[in-house]
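Chemist: Mind looking over this structure? Questions follow.
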Amino acid sequence: MDRAPPLSDAPALVWLDACGSTNDEAWARMGDPRVLGVGADAQFDGRGRRGRVWRSPRGCGVYLSLVVRPRFGPEQAGALPLLAGLCVAERARLMGVNARLKWPNDVLVGGLKLAGVLCEARAEAGRCVAVIGIGLNLRTPPEGYPPEVLATALGTSAPAREVATQLAADFFEALSALPDDAPICALRPRWQALGPPLGAVMRQGDVVGTYAGLDDAGGLLLDTPSGRVALHAGEVEQHNAPAQARDE
Ligand code: BT5
């Protein structure tokens, strides 16, 4: 079981008016099998990866953290953020924007960030438990985004709670369909379909190469002058191939 099905009288998603970080609220409820996730209308301490800030103004986005106990082991935990980003991108496309995936966890529209995923996973008795935080911009805040934050929003009036409920359903359905032994390989074709175009030039530090897909562990494959390398962490700078630039 990924999670026990919610009892009819139990909230599958806990919804808060505001909180520091929904990821913290989700970890605090990890012991309650009825809770599939925690969402909030605003976060005052929303976080990205590596201590970065996630801007979470009231009523402007989905701030959602899913509580996940996958059947597969910790060595396959890399499937979780990839799947979450994929579900967000596919949902955003259904809502009318040309969302694309940027490895490992960004959802972009026209090169601007629409959504991000913060996956915090732990191993417990050989099993993986995780909180998957999703920040998705629904509406641009009245004051806009600061120039250093290259952000965009869906531009929808849909209530955050409704979109969050849909995303949670999308995610858990997709998760339950993944095989236990090779979840990353199973989701890879869908991820790659919305990911960078093959051959896009990418850079991580001194490593420069052309994008060649994802490996079996969800790492980013780059063909460099000294051979093929796989990146498994960190940021990449991405220069889209002309075909995708036109697509956006
Ligand atoms: C992420 O981090 O993209 C993961 C964001 C996860 C946020 C969710 S909201 C629910 C849950 N609770 C939390 O506390 N977090 C999760 P990262 O790749 O490190 O990107 C962070 C960077 O994105 C920042 O340094 C900014 O440049 C940019 N940024 C900040 N707020 C943004 C926003 N609302 N929209 C687009 N970009 C933003």
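For (1) assigned to a strand (DSSP E or B); (2) aliphatic (A, V, I, L, M), each residue gets a yes or a no:
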{"residue": "Asp32", "(1), (2)": "no, no"}
{"residue": "Val38", "(1), (2)": "yes, yes"}
{"residue": "Asp45", "(1), (2)": "no, no"}
{"residue": "Arg50", "(1), (2)": "no, no"}
{"residue": "Tyr63", "(1), (2)": "yes, no"}
{"residue": "Leu66", "(1), (2)": "yes, yes"}
{"residue": "Arg71", "(1), (2)": "no, no"}
{"residue": "Glu75", "(1), (2)": "no, no"}
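Chemist: Can you tell me which residue in region 36-49 is nearest to Asn23 (Cα to Cα), limited to those that are more than 6 Å from the ligand (Cβ to nearest atom) and surrounded by fewer than 19 Cβ atoms within 10 Å (Cβ to Cβ)?
Modeler: Asp45
Chemist: Right, here's the next one. Would you mind stating whether Arg161 is open to solvent by 70 Å² or more (accessible area, probe 1.4 Å), of a type in the set (Lys, Arg) and in a strand (DSSP E or B)?
Modeler: On the way: open to solvent by 70 Å² or more (accessible area, probe 1.4 Å): yes; of a type in the set (Lys, Arg): yes; in a strand (DSSP E or B): no.
In short, no.
Chemist: Every residue in region 63-82 that is surrounded by 19 or more Cβ atoms within 10 Å (Cβ to Cβ) and more than 8 Å from the ligand (Cβ to nearest atom), please.
Modeler: First, the residues of region 63-82 that are surrounded by 19 or more Cβ atoms within 10 Å (Cβ to Cβ): 63-68, 70, 72, 76-82.
Leu66, Val67, Val68, Pro70, Phe72, Gln76, Ala77, Gly78, Ala79, Leu80, Pro81, Leu82 - these are the residues of region 63-82 that are surrounded by 19 or more Cβ atoms within 10 Å (Cβ to Cβ) and more than 8 Å from the ligand (Cβ to nearest atom).
Chemist: Residues of region 127-157 being hydroxyl-bearing (Ser, Thr, Tyr) and within 8 Å of the ligand (Cβ to nearest atom), which ones?
Modeler: Of all residues in region 127-157, those hydroxyl-bearing (Ser, Thr, Tyr) come to 140, 145, 152, 156-157.
Across region 127-157, the qualifying residues are Tyr145, Thr152.
Chemist: Evaluate region 24-34: report whether one residue or more is open to solvent by less than 10 Å² (accessible area, probe 1.4 Å), at pLDDT 95 or above and in contact with a Phe, Trp or Tyr (Cβ under 9 Å, 6 or more places away or on another chain).
Modeler: Here is the first cut: in region 24-34, the ones open to solvent by less than 10 Å² (accessible area, probe 1.4 Å) are 26.
Now restrict to residues that are at pLDDT 95 or above: 26.
Add one more test, that the residue is in contact with a Phe, Trp or Tyr (Cβ under 9 Å, 6 or more places away or on another chain), and what stays is none.
Within region 24-34, none of the residues are open to solvent by less than 10 Å² (accessible area, probe 1.4 Å), at pLDDT 95 or above and in contact with a Phe, Trp or Tyr (Cβ under 9 Å, 6 or more places away or on another chain).
Chemist: If you don't mind, another one. Return the only residue of Cys87, Cys119 being more than 13 Å from the ligand (Cβ to nearest atom) and of a type outside the set (D, E, K, R). Walk me through it before giving the result.
Modeler: Numbers: Cys119 fails: more than 13 Å from the ligand (Cβ to nearest atom).
Answer to the selection: Cys87.
Chemist: Is there any pair linking a residue in region 64-80 that is without any contact (Cβ under 8 Å) to a residue 60 or more places away in the chain to one that is surrounded by fewer than 24 Cβ atoms within 10 Å (Cβ to Cβ) and of a type in the set (D, E, K, R), with Cβ under 7 Å and at least six apart or on different chains, and which?
Modeler: That search, which allows pairs on different chains as well, returns Gly73/Arg127.
Chemist: Moving on to the next point. Which one of these does Arg58 not meet: (1) over 17 Å from the mean Cα position of the chain (by Cα); (2) more than 13 Å from the ligand (Cβ to nearest atom)?
Modeler: Unmet for Arg58, out of (1) over 17 Å from the mean Cα position of the chain (by Cα); (2) more than 13 Å from the ligand (Cβ to nearest atom): (2).
Chemist: In this structure, is Gly110 more than 16 Å from the ligand (Cβ to nearest atom), over 12 Å from the mean Cα position of the chain (by Cα) and not charged (D, E, K, R)? Before you say what the answer is, go through the steps one by one.
Modeler: Values: more than 16 Å from the ligand (Cβ to nearest atom): no; over 12 Å from the mean Cα position of the chain (by Cα): yes; not charged (D, E, K, R): yes.
Taking the combined requirement at face value, the residue does not satisfy it.
The values are calculated or read from the model by the stated rules, or taken from the named source; none is laboratory data. Every value quoted in this text rests on a predicted model; they were computed, and no experiment measured them. No Cβ is skipped: glycine too gets one built from the backbone with ideal geometry, and neighbour counts run over all protein chains shown. Surface accessibility is based on the protein's heavy atoms, side chains included, excluding ligands, DNA and RNA. Shrake-Rupley method; radii C 1.70, N 1.55, O 1.52, S 1.80 Å.
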